[in-house]
1. If F88 passes every condition in (1) modelled with pLDDT of 75 or more; (2) over 23 Å from N278 (Cα atoms) but one, which one does it miss?
2. (1) in the same structural domain as N21 (by TED's automatic domain parsing); (2) within 30 Å of S23 (Cβ to Cβ); (3) modelled with pLDDT of 85 or more: which one isn't true of N292, the others all being true?
3. May I ask you to say which residue of N87, N133, N74 is polar (S, T, N, Q) and either on the phi > 0 side of the Ramachandran plot or outside the structural domain of E18 (by TED's automatic domain parsing) (or both)?
4. For the structure I just gave you, tell me whether R530 is loosely packed, with under 13 Cβ neighbours inside 10 Å and over 30 Å from F290 (Cα atoms).
5. Residues in segment 42-61: is at least one surrounded by 14 or more Cβ atoms within 10 Å (Cβ to Cβ), in a helix (DSSP H, G or I), among the hydrophobic types (A, V, I, L, M, F, W, C) and at pLDDT 90 or above?
6. Please go through segment 305-350 and give me each residue that is part of a loop (DSSP other than H, G, I, E, B) and either farther than 25 Å from E18 by Cα or at pLDDT 95 or above (or both), ordered by number.
7. Could you please let me know if N545 is surrounded by 13 or more Cβ atoms within 10 Å (Cβ to Cβ), within 25 Å of the chain's Cα centre (by Cα), at pLDDT below 80 and closer than 30 Å to Y328 by Cβ?
8. Among the residues that make up segment 254-270, is at least one of them modelled with pLDDT of 90 or more and in contact with an Asp or Glu (Cβ under 8 Å, 6 or more places away or on another chain)?
Amino acid sequence: MKKYGFTKDLYIKLDDEELINVSEKFLLDVERNFTDFKEEYDKSFSNLQSYMNIANFIFEPEKLSKKSPLTIINAPWGTGKTFFIENFIKLFIDKKIKSDIFKKIIIIDAWKFSNSKDVPVEFAIELSNKIINMHISNESEKIKAIIKQRILDWIIPDSLTWKLNFFNFLSLEGKHTNKNLKENEKEEKKEIIESAWKKIQENSEPTIIFIDNLERLGSSSWDLLKAILKIQEFDNYLIVLPLNLNKFNNNKRVDNSEYPIEKYIDFNYYNLQQDYSNFFNKHIKENREFINKLNLIFNSEIDGEKLSIREVENSFKTHNLFRIKDEYEVLRTIKEYIWDPKEIFNNFLREDAKYFLDMERKKFNLFLEVVTKISARDRKGSFINISDIHLKNSNNIFLWETNQRYLYKPNFDYLNDYNNLLNEINFKKEENLNKIKDINNLLKSLNKTKIKYEVKRTELRNKISELEKQEKIESDKMEEYNPDKHNELQNTINLTNQKLEELELKIREFETEINSHNNDLVYLDENNSRMFDIDFKIAQLKDINNTDKLTKNQKEEILSVLDNHFGKTDDNIENNYKFDLSKISW
């Protein structure tokens with residue numbers, strides 16, 4: 001819908017039983033706009049006055065023809081427009097809301113003219129009667145009749161004035177003939193008539209005129225609107241039209257040449273809306289998203305109508321909806337028995353189906369990583385020894401096949417079915433950590449012993465070096481050479497070398513054992529790292545499950561809808577993304 005200017009939202013709330021809050025907001029805003037309109041009019045009048053009343057020129061600026069502004073209160077049928085304006089008037093009369101500007105209020109229900117052969121005429125007669133009773137009730141019946149005729153001539157187009165005589169006869173109960181009416185102005189003092197007419201025109205006490213249900217008159221609503229617009233030529237009125245804007249603009253126009261009604265609005269118009277939030281907040285705790293869904297449902301029009309807050313409240317009580325815990329069951333009951341904006345419900349289902357498939361895809365990919373890591377061979381060519389993953393069981397989400405194809409079952413509860421797997425992985429991790437601890441302790445002891453041997457080896461090497469020096473000295477003695485002493489040194493060197501060789505062998509054995517244990521550590525670290533990674537992926541799965549907004553019943557409902565529309569969904573996850581979710585409906 002094309003909008004002209006700005007709109008203001010007026011929210012009717014359950015706890016605002018007398019509608020005081022929304023009435024005060026409306027009154028303050030129309031007062032401000034009314035004041036702005038009058039100031040702008042006075043400014044325009046001052047600027048254009050010099051061009052008016054010039055001999056040989058007739059210049060009547062369109063801007064100055066509107067002395068009173070017009071606005072609308074827009075809302076679908078059934079949302080309480082009439083209830084609002086009636087309460088507004090009661091609050092005004094009871095002085096629960098006070099205006100610094102407006103002194104009087106007129107309300108006319110246009111729907112009562114729906115069976116009339118001439119809607120504008122009947123409306124003009126009723127309005128003129130109300131204006132006369134409000135401003136010149138003390139004048140004589142003759143004066144009233146004259147003023148009434150002037151009002152009618154002013155409001156109703158000339159082509160219709162011939163019809164007024166008959167209505168005037170009825171309104172004066174046969175006391176005057178048409179001739180009498182024409183002669184009344186001659187009989188009465190002109191100053192009395194002009195004084196009364198001035199009261200009507202100038203309207204010294206600013207007045208709000210509510211004209212309700214204009215759109216319910218069908219094509220006649222456009223004829224009536226033309227008559228209403230003529231009221232703007234009188235001063236100090238605020239004309240408010242509570243109506244269903246869509247319905248009004250869709251009414252068949254006589255020649256399809258009329259502007260949309262928004263074109264005639266002089267300042268922002270008002271959207272009257274039901275605020276169901278307080279009602280839902282009282283009964284639904286900690287589920288903002290569901291409350292938003294309910295608001296969206298009941299703020300949707302069906303054939304131009306909406307349910308009032310009271311109707312929604314009574315319907316929820318009738319069907320005990322606040323006792324039902326499952327969200328989809330509540331929505332299904334609302335759809336079947338209370339209110340069914342079909343596309344809203346279908347959009348809910350489509351959004352949830354997309355969310356469901358996205359979540360399943362995330363879980364699938366994470367679990368596929370878990371399975372792949374578990375099933376991959378390690379550096380020794382072995383699997384991690386976890387039996388669950390090798391069992392070909394139709395109850396599992398994955399069937400491990402020789403061609404490495406994974407079959408996928410949607411809505412599988414990964415964590416519940418694989419808690420044993422998680423426990424076994426944790427057991428393996430703990431077992432590996434204990435082994436690592438034992439090996440590190442053993443390595444510490446081995447390295448300590450190896451260091452002792454290496455010190456001993458250094459001592460033996462130093463001793464051999466010293467013995468070899470002594471042997472050389474003995475060998476170099478020609479005169480004092482002692483064969484026995486030389487042989488003794490040689491034997492000692494040989495014995496020491498033998499001990500050194502034995503020590504070197506032991507050191508090599510220690511190094512081999514240490515290297516072997518270090519390799520075990522690397523293997524265990526890699527193995528543990530893989531299991532830590534698996535554990536991390538499973539922790540991510542837990543997080544996804546914990547944040548999953550869909551209940552088991554909701555998932556089953558979505559799967560049922562998907563099956564109904566696309567056949568069985570027990571297939572590879574990739575196929576889920578070939579679904580055209582725009583086709584599914586509840």
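1. (2) is the only condition that F88 fails.
2. For N292, the failing item is (1).
3. Exactly one residue qualifies, and that residue is N133.
4. Against the criterion (loosely packed, with under 13 Cβ neighbours inside 10 Å and over 30 Å from F290 (Cα atoms)), R530 does not qualify.
5. Looking for residues that are surrounded by 14 or more Cβ atoms within 10 Å (Cβ to Cβ), in a helix (DSSP H, G or I), among the hydrophobic types (A, V, I, L, M, F, W, C) and at pLDDT 90 or above, one finds none in segment 42-61, hence no.
6. Residues satisfying the conditions are H319, N320, I324, K325, D326, W339, D340, P341.
7. Against the criterion (surrounded by 13 or more Cβ atoms within 10 Å (Cβ to Cβ), within 25 Å of the chain's Cα centre (by Cα), at pLDDT below 80 and closer than 30 Å to Y328 by Cβ), N545 qualifies.
8. Yes, segment 254-270 contains at least one residue that is modelled with pLDDT of 90 or more and in contact with an Asp or Glu (Cβ under 8 Å, 6 or more places away or on another chain).
The values are calculated or read from the model by the stated rules, or taken from the named source; none is laboratory data. Computed from a predicted structure; not experimentally measured. Glycine gets a Cβ as well: all are built from the backbone with ideal geometry, and neighbour counts include every protein chain shown.
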